[in-house]
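FYI, it's all coordinate maths here, none of it is from the lab. Keep in mind that this is a model prediction, so the values were computed, not measured. Reconstructed Cβ throughout: ideal geometry from the backbone, glycine too, with neighbour counts over all protein chains shown.
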Amino acid sequence: MLGPSRIIGLGGAYAGVAEGVDGTSSNVAAPSVRAAYSASHVDYDLTASITFPGSFSSTDFENRGSLPRGDANASNFVYGNAGALVQVGPFGAALTLDATSYTLQSANGGTLSFRLLRAHAIASWAFLKQQLVVGVGLSGVTMNLASSAVPLAPPSGVAPEAGMLLRLDDQPWRFGISARAPVNGGVGGEVTTDASGNQVAGVCATSPPRPCILPSSVVLPAQFEIGFALQLGPRPLNPRWIDPSSEIAPLREKVQNARDARKQRDDDDVAKIPEGPARQKLRRELDASEEAIRRVEDARIDAEEKRIHEAHEARYGNWPRPKLLVVADAVITAPVGDAVAVSSFLDQTHDAYGGSWTVSPRLGLEGEPFPDRFKLRFGTYLEPSLFDGGSARQHFTFGGDLKLFDWDFFGVLKRTTWQLSFATDLAPRYSNWGVSLGAWR
């Protein structure tokens, strides 16, 4: 399980929270889910983080059930993600990127550098005053399987995805579901066909020389994620969100009606005077008067918008901070017929892989032991083995957010309180840790 630091800390259970740009990795509905602190008709969110799976020790990254066998030694793992989200009323859109990179070493000296870059482009809409959120999008993937033995063209593909979140006003729970279709990328490059009909290229064995058998495609399997969130304590999980534009709308309508009435009156007064200098003089006087009145009206609207914005922020700031967020997910992965793992391709062995449905249950807890200073998370998830006859392994995760200082990022952003986040994922034959910088809420 790879993702932003908060999601790692919660054991990957985030489809039922689906908040912020980070939430797009778990639930496609996330772009339109308004956070409690959102106080503007137009809002945005940014993210960037990096993690280092396998940094502490030898890693069984594919969960074969043992440490690297010598013919599948994996190293140099890096995972990073970045994204941006914009919200306009009930509409939301997000673009996220995440990349995974590692190197495999085979017993015969061959190496394979695996690079996976995935992009999500999502649009969503919030119905029933933010209580039901639906999102759709496209997931694009490109994979670079650069090998010292086999020159492969990067396979890539695009597939649809969709998600939903139910968050009833003033209720302490949420329910979310998300689905992603499989992404298939054909393998290209300088390939030929052998006597058995296999696509082959390069040289995978030197004694005797033998070309590498290539896969027909590289597949990112279909996934379904179902999540539930429950927040205990005095802090609300689903406060009623009121669009500030609807609060300022009555004043804008009143001002516009007054402007229309003045225009009609002024046009009538000008029409009573015959064409000539007198009419032009009256028109200039009325236009100057209208401009002065509009400046006063615009200042009134600006002041009211500021008051509404400050009232939203004060409402959020006055809520009690103690809470215990409990999240639970199930990630269901669809089978891929006649598939092998990346390491099996490098070894040129046909270890059956990913041929059946798997379920990964996940559970997480989040609290704030030091109010307005430090948040703490614990999580756990079961990682199924995709190899035939393999055993699942249990992961334990933890992480947190530490409040730092106020900064406007060299004047580019509005003044923001920043936080440093960290997360760790530990399991037999596996470790992962990461850090990120974000806004404290």
Working out 0.36 nm times the residue gap between Val359 and Asp194, then minus their Cα-Cα distance, what length gain in nm do you get to one decimal?
55.6 nm
Label-point separation, Leu376 to Arg294 (7 Å along Cα→Cβ), nm
5.9
FRET E, pair Lys281, Ile301, Förster distance 35 Å, beta-carbon r, rounded to 0.05:
0.70
As a quick test, which of the pairs Lys129/Lys403; Lys323/Lys403; Lys306/Lys375; Lys306/Lys403 have an alpha carbon distance above 28 angstrom in this structure?
Lys129/Lys403; Lys306/Lys375
Label assignment, Kirkwood radius over Cα pairs in Å derived from the structure, set (i) 21.9; (ii) 28.5; (iii) 25.0
(iii)
What number, in percent, do you get for the relative contact order of the chain if the mean sequence gap of Cα pairs under 8 Å and at least 6 apart is divided by its residue count?
19
Sites Asp170 and Asp43, calculated FRET efficiency, Cβ-Cβ separation with R0 25 Å, nearest 0.05
0.70
Positive minus negative residues near Leu402 (Lys, Arg vs Asp, Glu; Cβ under 14 Å):
+3
Enumerate the lysines that Lys254 could reach by cross-link, defined here as Cα to Cα under 16 Å, with residues fewer than 8 away along the same chain left out.
Lys263
Just tell me the longest site-free run in the chain, where the sites are GluC sites (Glu not before Pro) in a DSSP loop having at most 16 other beta-carbon atoms within 10 Å.
1-189
With axes computed from alpha carbons, what is the tilt in degrees of helix 244-271 against the longest principal axis of the chain, rounded to the nearest 10 within 0 to 90?
40
Rounded to the nearest Å, what's the spacing between the alpha carbon centres of the stretch 378-394 and the stretch 236-277? Just the number, please.
62
What FRET efficiency would be calculated for the residue pair Ile332, Asp269, taking the C-beta separation as r and a Förster radius of 60 Å, to the nearest 0.05?
0.25
